Amino acid sequence: MKSAKKFLIALAGQPNVGKSTVFNLLTGLSQHVGNWPGKTVAKKEGVYVSEEVDMRIIDLPGTYSLTAFSEEERVARDFIIKKKPDVVVLIAGASALERSLYLLSELLLLGPPIVIALNMMDVADEHGIQIDFDSLKASLGIPVVPIIATKNKGLKELVSQVVSIAKGNLDEYKPSLPEVSRDHINVYHLLVEKVKEHIPRPYTSRWAVTKLMEGDPNVLKMLGKVLPADRWEDVGVLLREHEDSLLAVVKGRYEWIESVIRASVSRYKRGQVLVTDRLDQALTRPVFGIPILLGVLAFIFFLTYGLGTPIQGALEALENSFARWIEPYLSGTPGWVSGIIIEGVIGGAGTVLTFLPILVIFFASMAFLEDVGYMARAAFVMDRFMHIIGLHGKSFLPLFLGFGCNVPAVMGARIVESRRARLLTVFLAPFVPCTGRLVVLTFVTAAVFREKAAFVSWSLVAVNILALGLFGMFVSRVFLRGEPMPFIMELPLYHRPNLRTIGMVVWSRTKAFVRLAGTVILGFSVLLWIISNFPGETIEDSVLGYIGRFIGPLGAPIGLDWRMIVALLASFVAKENSIAALGVLYGVGEVGLRSVLPEMMSHASALSFLVVLMLFIPCAATMVVMRKEMGNWRWFLFSLVFMLLISFGSGMLAYRLALLLGI
């Protein structure tokens, strides 16, 4: 047998055009998800193998353009320029071809041959959009293959066309390139003459000059280093004399797009009010859209925690049964061995794995909403409110799920395309009071504040949410102010969900979580068990207890004794652990703790303890996921220090105010 020929294929496209569906259909389970080297942008890579070819397929980040305005755009264009894939497949939406043609106008400047996969032909047909493929191919001068990815139609033809182009069959490949507008064509040619001899490989003069006229900061910086001083001065003079060069480039592209659309696209139901339009009349208006969104989120909250929590409880029971079953087999081993296995491995990492039902339901819900097109509407409705704290509307969804658990909130930030918005979302997610914090809040307030417990609990949650907003405003304006946060919102047409695509999304994200639980989180659990059990057999006599007594004096300004400090440290494993730690350290069980706490905690100390706990560093599972999602040690350490300082400062403020007001 002849060995299969190997090709490098890149999938490009805007968000909501079905690129992920095409990628999943072509690669199946042979996928790898990670990050681009030195970037926080997700990298999806897969393989398509047949008897003739072995295609390595790279799913580039979804972008509306290649202007290097965002990290996703830089990643996409740098990969195409530097790696030079054999073929770039542009996934275009048939119902909104104009938008994809703008991206095509930029891709054509990069060099590699392009094949257009015109997706969602069924949706275009339903909405009265008719495309003349012969005219479209003639206008563009490149292959165009109609597909319906959700029904697996046209994929064979697409692969055949891609293989043909990759093998060098370019006789009919004569792309029509957009020009700058006529009033600036002379400026364009002058700039080409000035820079063409100094353009470093693998860049081309056509691409570099176009980006110069656009004012692309990366290209300006690059040419400023390679051009002789006199040439660079001449270029600067030309650009200053023609400050509207960007408009000339954009105008030329739109003229090119208009000529292509005029020749190949017709709409024979132009006056019909579409189903999408009718739905959007309600879903995108604040008066109706926000209540509907809250209803959808309440339903997701019920699904995620109403269905997931009982399953999680069943898994915990199964975990406990397994621990009891294995305990006799460990009876002959040293106590520390059985302790690490039963309490560290099974009780630590095993407990984290019980989050799986919640995560799977959450991931499936988010994937479903995104696949049918509702996610864009939810982000649109909430965008105005989220802008106040330096975020976009899409960040509201993962933050909302943080009320159940911060782990899915942090991992859910992956739905946010902008790196800056995603980083800020991950940064703020631990400030959302999770169920673990709410359990401790309910227990302590009921024990200490008695009849005022409901008011105190509600007040602390409200203050917590207000603090989240203030922290978001502060961080976005002080530490992230140098990074612009563009947000281009496209409202895609509604369409039927693709179960295969949803399943692939849930599978890849769940697999990533399980991998974390089986490696880093496992190590954390074992380490925490060791320091809480050695050298003594109780927390009070352990390394953790010594640390608590050592840093105990830090609790004086905030009204906490060393036992409360240790309880806060124990919450690092799980927030509910702080109750168990208090019960152990005060020498009572959980039942007796309710009667003991009022004697051990004054109202001021209890208020301080709860404020610190609500703003304290999150549990180990959340921290591991934060480090993974941030992809940057500097930001991760900054977030931890920030939370420690904020929690300590807020606790001190609450304690002093409580004493002052005689609470």
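Read-outs: derived from the displayed coordinates by stated rules, not from any lab. None of these values were measured; they are calculated from a predicted model. We place every Cβ from the backbone using ideal geometry, glycine too, and count neighbours over all the protein chains shown.
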The FRET efficiency for ALA4 and TRP633, from their Cβ-Cβ distance with R0 = 30 Å and rounded to 0.05, is 0.15
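Once you have the Cα-Cα distance between GLU172 and ILE185, take 0.36 nm times their residue separation minus that, and quote the gain in nm to one decimal.
1.9 nm
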Among 184-190, 611-617, the order from most to least packed when residues are scored by Cβ within 10 Å on average: 611-617, 184-190
Estimated FRET transfer efficiency when R0 is 41 angstrom, pair VAL478-LEU660 (beta carbons, to 0.05): 0.90
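Relative to the Cα centre, what is the charge dipole magnitude of region 5-166, using +1 at the beta carbon of each Lys and Arg, -1 at the beta carbon of each Asp and Glu, and rounding to the nearest 20 debye?
Rounded to the nearest 20 debye, it is 540 debye.
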For the residue pair ARG496 and ASP230, what label-to-label distance in nm results when each label sits 7 Å from Cα along the Cα-to-beta-carbon direction? 6.9
Cα convex hull of region 5-166: mean projected area in nm², to one decimal? 9.1
Would you mind ranking THR27, THR204 by Cβ crowding within 10 Å, fewest neighbours first? THR204, THR27
When the chain is fully extended, how far beyond the present Cα-Cα distance does ILE531 get from PHE302, taking 0.36 nm per residue of separation? 78.7 nm
How many angstrom lie between the C-alpha centres of region 629-659 and region 67-131? 44
If a paramagnetic tag sat 7 Å from the Cα of SER259 along the Cα-Cβ line, which residues of region 182-197 would have the backbone N under 15 Å from that point? 182-185
Provide the gained length on full extension for the span LEU470 to VAL47, in nm with one decimal, where the gain is 0.36 nm per separating residue minus the Cα-Cα distance. 147.7 nm
Using all C-alpha to C-alpha distances in region 70-140, build P(r) with 10 Å bins and read off the rounded percent in each one. 18, 48, 25, 9, 0
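Here are some pairs, LYS44/LYS156; LYS5/LYS82; LYS82/LYS211; LYS156/LYS211; which of them have Cα atoms lying more than 26 Å apart in this structure?
Beyond 26 Å: LYS156/LYS211.
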From the P(r) of region 381-472, can you give the percent of Cα pairs sitting at distances over 23 Å? 29
FRET efficiency for VAL192 and ASN218, using Cβ-Cβ distance with R0 set to 25 Å, rounded to 0.05: 0.85
